[in-house]
Amino acid sequence: MRKYVIMGVPGSGKSTQAALLAADLDLVQISVGDIFRWNVQNHTKMGAQVRRIMAAGELVGDDLAEAVTAERLAQHDWNFGFVIDGFPRNRRQAEFFLETYDIDAIIVLDLPDSEIRRRVLNRRLCVGCGINYNLIDSTPAVPGRCDACGGELTTREDDTEEALAVRLRTYHEKTNPVLDLFRRKEYVITVDARPVPDAVQAEIRQQLGLPPQKPQDSQESQESQKSQEPQESQESQKSQGSQGSGSA
Ligand code: AMP
């Protein structure tokens with residue numbers, strides 16, 4: 001059983017790295033942001049509650065974020081463990097998390113602010129399959145359309161200059177201090193998030209003492225290198241979202 005948390009500024013590649021780690025270790029990937037986004041896209045009661053907060057780049061209330069996370073983890077579908085990104089985001093959430101789950105390691109993706117802006121403002125999200133594209137490294141064959149499913153590519157509502165400024169400030173003010181708490185209690189590793197995704201993944205595994213990525217996962221991830229933060233499949237978001245919506 002392996003239980004990991006991935007933390008890092010917006011655009012640092014948390015989802016990408018969580019997906020690569022989860023793939024061949026049979027971990028369940030849990031993204032709290034994806035659960036909220038699913039609810040917004042599907043116009044649930046929770047979606048209506050969080051939409052404006054998310055678009056402004058602010059944090060959703062702790063009670064709701066904790067309920068969504070607890071409810072998702074309570075499914076206990078993670079026989080081999082889980083990797084969670086997007087939680088905890090502040091001290092209260094970290095204390096809740098530490099009281100409830102014992103974590104093997106916290107993975108911190110480190111990226112300079114100048115690079116974050118470049119990545120986030122060039123990120124596009126496929127409404128069909130949820131893959132994220134980074135237009136800096138690769139443009140889709142048909143502009144505005146996903147190479148994988150042909151779906152429309154949109155900009156995340158919170159990937160704007162204004163919302164990014166708020167998200168970065170929130171990260172530095174509220175999320176960063178959580179690391180001090182973790183450093184005292186848990187095993188924290190810090191990884192340079194600037195290299196290509198496979199290189200970042202290799203470094204994570206090396207620091208955690210895990211086996212290297214299996215070749216086919218590595219190959220798939222070449223495909224996803226156009227994406228710094230591909231999300232989970234629509235189906236998986238659906239199941240996460242429907243779970244999450246119960247706590248609205
Ligand atoms: P992310 O995809 O992790 O960048 O999350 C997108 C947005 O979802 C954040 O900017 C917050 O509005 C909300 N969110 C995600 N996780 C949390 C959390 N743990 N606590 C509060 N809000 C969250």
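The values are calculated or read from the model by the stated rules, or taken from the named source; none is laboratory data. Quantities reported herein were computed from a predicted structural model and do not represent experimental measurements. Virtual Cβ from ideal backbone geometry, glycine too; neighbours counted across all protein chains shown. All accessible areas refer to the heavy atoms of the entire protein, side chains included, with ligands and DNA or RNA removed. Shrake-Rupley method; radii C 1.70, N 1.55, O 1.52, S 1.80 Å.
How much length would be gained if the chain were fully extended between His172 and Asp62, taking 0.36 nm per residue of separation minus their Cα-Cα distance, in nm to one decimal? Each step should come with its number before you reach the end.
Numbers: separation 110, 0.36 × 110 = 39.60 nm, distance 1.75 nm.
In short, 37.9 nm is gained.
Heavy atoms only, 1.4 Å probe, whole protein assembly: order Asp63, Asp159 by accessible area, highest first.
Result, largest first: Asp63, Asp159.
What's the magnitude of the charge dipole for the stretch 1-89 around its Cα centre, counting Lys and Arg as +1 and Asp and Glu as -1 at the beta-carbon? Answer in Debye, nearest 20.
Details: 9 positive and 10 negative charges, 45 e Å.
The dipole of the stretch 1-89 has a size of about 220 debye.
Quick one: putting +1 on the C-beta of Lys and Arg, -1 on the C-beta of Asp and Glu, what dipole do you get for the stretch 37-157 around its Cα centre, in Debye to the nearest 20? Could the numbers behind the result be given before it?
Details: 15 positive and 18 negative charges, 143 e Å.
Magnitude of the dipole: close to 680 debye.
Show log10 I(q)/I(0) for the stretch 52-177 at q = 0.09, 0.18, 0.21, 0.23 Å⁻¹, two decimals, from a solvent-free Debye sum over equal Cα scatterers.
Debye output, listed in q order: -0.34, -1.16, -1.27, -1.30.
Per-residue HN-Hα couplings for the stretch 107-114, Karplus 6.51 cos²θ - 1.76 cosθ + 1.60 at θ = phi - 60°, whole Hz, x for Gly and Pro?
9, 10, 8, 9, 9, x, 4, 4
What is the set of long-range amide H partners of Tyr133 at a cut-off below 5 Å, with H atoms built 1.01 Å from backbone N?
For Tyr133, whose amide H was placed from the backbone, the distant partners under 5 Å are Arg124, Leu125, Cys126.
Accessible area per residue, 1.4 Å probe, Å², for the stretch 33-95: what's the number?
Details: 2850 Å² over 63 residues.
Spelled out: the 1.4 Å probe surface of the stretch 33-95, per residue, equals 45 Å².
Classify the chain: rounded, prolate or oblate, from the alpha-carbon gyration tensor (a ≥ b ≥ c, eigenvalue square roots; a/c under 1.5 rounded; otherwise prolate if a/b is larger than b/c)? Present the calculation step by step, with values, prior to reporting the outcome.
Values: a/c = 1.28, a/b = 1.08, b/c = 1.19.
Note, shape of the chain comes out rounded.
Hey, how many Å between the Cα centroid of the stretch 59-114 and the Cα centroid of the stretch 11-25?
Comparing the Cα centres of the stretch 59-114 and the stretch 11-25, I get a distance of 15 Å.
Taking the Cα centre of the chain as origin, sum charge times position over the Cβ atoms of Lys and Arg (+1) and Asp and Glu (-1), and report the length of that vector in debye to the nearest 20. Could you put the intermediate results ahead of the total?
Details: 29 positive and 37 negative charges, 82 e Å.
Around 400 debye, computed over the chain.
Could you look at the chain and say what percent of its accessible area is carbon and sulfur, using a 1.4 Å probe and all protein chains?
Its accessible area is 48 percent carbon and sulfur atoms.
Which shape class, rounded, prolate or oblate, goes with the stretch 142-188 when its Cα gyration tensor gives a ≥ b ≥ c as root eigenvalues, a/c under 1.5 marks rounded, and past that a/b bigger than b/c marks prolate? Walk me through the numbers before you get to the answer.
Working: a/c = 6.51, a/b = 2.11, b/c = 3.09.
In terms of gyration-tensor shape, oblate.
Pull out the extension gain between Glu115 and Arg92, defined as 0.36 nm times the separation in residues minus the alpha carbon to alpha carbon distance; nm, one decimal. Intermediate values should be presented prior to the final figure.
Numbers: separation 23, 0.36 × 23 = 8.28 nm, distance 2.89 nm.
5.4 nm is the gain from fully extending Glu115 to Arg92.
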